[in-house]
Ligand code: FES
């Protein structure tokens with residue numbers, strides 16, 4: 001499986017989501033300590049950017065700022081209403097100073 005660099009590790013502040021375009025689609029990237037997690041940036045409830053929401057580093061969730069749904073950054077699952085559908089998750093990893101995404 002091949003992978004491609006999507007940003008530098010230093011581009012990602014710890015515990016704050018960043019929106020990155022990958023193949024023309026917005027992805028919310030979140031660095032939590034030594035790991036980086038990535039989910040589709042558009043909330044499954046409405047056209048709202050999840051990367052503008054707050055990250056809970058301990059629970060590894062992101063909260064949609066619009067109506068407050070919590071999404072798991074690990075599974076993409078909508079954990080609280082009003083969203084009921086998951087968001088896509090992407091396989092990303094840290095490679096030295098880079099953050100890379102596995103090809104889908
Ligand atoms: S837009 Fe995200 S919960 Fe409504």
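Can you run down the residue pairs with Cβ atoms below 7 Å, 6 or more apart or on separate chains, where the first is in the range 3-14 and closer than 13 Å to residue 38 by Cβ and the partner is part of a loop (DSSP other than H, G, I, E, B)?
Cβ pairs passing all conditions: 3/103; 4/103.
Does residue 50 satisfy the condition of being under 10 Å from the mean Cα position of the chain (by Cα), under 21 Å from residue 4 (Cβ atoms) and surrounded by 13 or more Cβ atoms within 10 Å (Cβ to Cβ)?
no
Which count do you get for residues in the range 1-45 that are surrounded by 12 or more Cβ atoms within 10 Å (Cβ to Cβ) and either under 26 Å from residue 84 (Cα atoms) or in contact with a helix residue (DSSP H, G or I) (Cβ under 8 Å, 6 or more places away or on another chain) (or both)?
So the answer is 25.
Please indicate, with yes or no, whether at least one residue in the range 35-54 is within 15 Å of residue 101 (Cα to Cα), away from the ligand (no atom under 16 Å from the Cβ), assigned to a strand (DSSP E or B) and without any contact (Cβ under 8 Å) to a residue 24 or more places away in the chain.
no
Would the range 14-22 turn up any residue that is outside any strand (DSSP E or B) and at pLDDT 95 or above?
For the range 14-22, residues outside any strand (DSSP E or B) and at pLDDT 95 or above: present.
Sort out which residues of the range 72-104 are closer than 12 Å to residue 38 by Cβ and either surrounded by 18 or more Cβ atoms within 10 Å (Cβ to Cβ) or within 13 Å of the ligand (Cβ to nearest atom) (or both), and write them in order of number.
Listed by number, the residues that qualify are 73, 76, 87, 89, 90, 92, 99, 100, 101.
The values are calculated or read from the model by the stated rules, or taken from the named source; none is laboratory data. Treat the numbers as computed from the prediction; the structure is a model and nothing was measured. We place every Cβ from the backbone using ideal geometry, glycine too, and count neighbours over all the protein chains shown.
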